[in-house]
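Asker: Can you read through this structure? Questions will come right after.
The values are calculated or read from the model by the stated rules, or taken from the named source; none is laboratory data. Remember, it's a predicted structure, so these values are computed and weren't measured experimentally. In this analysis, Cβ positions are derived from the backbone assuming ideal geometry, glycine residues included, and neighbour counts consider all displayed protein chains.
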Ligand SMILES: [Mg+2]
Ligand SMILES: [Zn+2]
């Protein structure tokens, strides 16, 4: 077995821990999603980016950057995300979050704040009648200001580590799964994992140029998460492997 570097579930507070601890299995079962039995049909999943898909991005006028929410208050669900997640679940997809979260590495926020934001996300989704099957986070950054998070890891998108971990942990068929994200790194990670890819974005000339530069051309582009979910629903019956 190859060493694992992805943080999954609540293993989040072990930034350097490269292997899931013995707590992993129990935790997963506590979530009610045990590993599928041998021979059980492998399942499809919507692998979903967090910032810009599940929740709105935040504009910080002082440095003039658009970034993740750094406080629970700044964490606001994207419009239509509850319905979108319910639609994909009803279409037979597991809902798996795969998120780069370098904010601690960059000293924008603490792990305690991240935990509060995570709790708020779960609460808001629960209020929408839906929950995620699993959450994977990469807390690393190659130029981290905090030594514990400084790593050229295998999990930070555009690398596919988190998606591959999810496939192994949850018994996913990546060829029948779809990566949904608002960034081209999401598209690249999805492609490298062998998934279909949907980019949530507004069409413009800059986007086209960036797609060419990165070689990151998604299978489809949706205007928002609701439209992405409708596409996924239509894909469901005969989505071909790639
Ligand atoms: Mg994003
Ligand atoms: Zn990582």
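Asker: Within 16 Å of ligand 2 (Cβ to nearest atom) and modelled with pLDDT of 95 or more: which single residue out of 77, 97 fits that description? If you could, list the steps in order and put the result at the bottom.
Answerer: Numbers: 77 fails: within 16 Å of ligand 2 (Cβ to nearest atom).
Step by step, each of 77, 97 is checked, and only 97 is within 16 Å of ligand 2 (Cβ to nearest atom) and modelled with pLDDT of 95 or more.
Asker: Something else now. When you scan segment 4-22, do you find a residue that is at pLDDT 50 or above and out of contact with any strand residue (DSSP E or B) (no Cβ under 9 Å at 6 or more places or on another chain), even just one?
Answerer: Of segment 4-22, the ones at pLDDT 50 or above are none.
Among the residues of segment 4-22, not one is at pLDDT 50 or above and out of contact with any strand residue (DSSP E or B) (no Cβ under 9 Å at 6 or more places or on another chain), which makes the answer no.
Asker: For segment 80-112, which positions are within 30 Å of residue 234 (Cα to Cα) and part of a helix (DSSP H, G or I)?
Answerer: Residues of segment 80-112 that are within 30 Å of residue 234 (Cα to Cα), as a first pass: 80-100.
Matches in segment 80-112: 81, 82, 83, 84, 85, 86, 87, 88, 89, 90.
Asker: Follow-up. Quick check on my filter: what residues within segment 34-59 are at pLDDT 95 or above and more than 17 Å from the chain's Cα centre (by Cα)?
Answerer: First, pick out the residues of segment 34-59 that are at pLDDT 95 or above: 44-59.
Passing the criteria: 58, 59.
Asker: When only residues in segment 52-79 that are in contact (Cβ under 8 Å) with a residue 24 or more places away in the chain and part of a strand (DSSP E or B) count, which is farthest from residue 129 (Cα to Cα)?
Answerer: Across segment 52-79, the extreme among qualifying residues is 67.
Asker: Sticking with this structure for a sec: Determine, yes or no, whether residue 49 is touching a strand residue (DSSP E or B) at 6+ places or on another chain (Cβ under 8 Å), touching a residue at least 24 places away in the same chain (Cβ under 8 Å) and within 16 Å of ligand 2 (Cβ to nearest atom).
Answerer: Details: touching a strand residue (DSSP E or B) at 6+ places or on another chain (Cβ under 8 Å): yes; touching a residue at least 24 places away in the same chain (Cβ under 8 Å): yes; within 16 Å of ligand 2 (Cβ to nearest atom): yes.
For residue 49, the condition - touching a strand residue (DSSP E or B) at 6+ places or on another chain (Cβ under 8 Å), touching a residue at least 24 places away in the same chain (Cβ under 8 Å) and within 16 Å of ligand 2 (Cβ to nearest atom) - is met.
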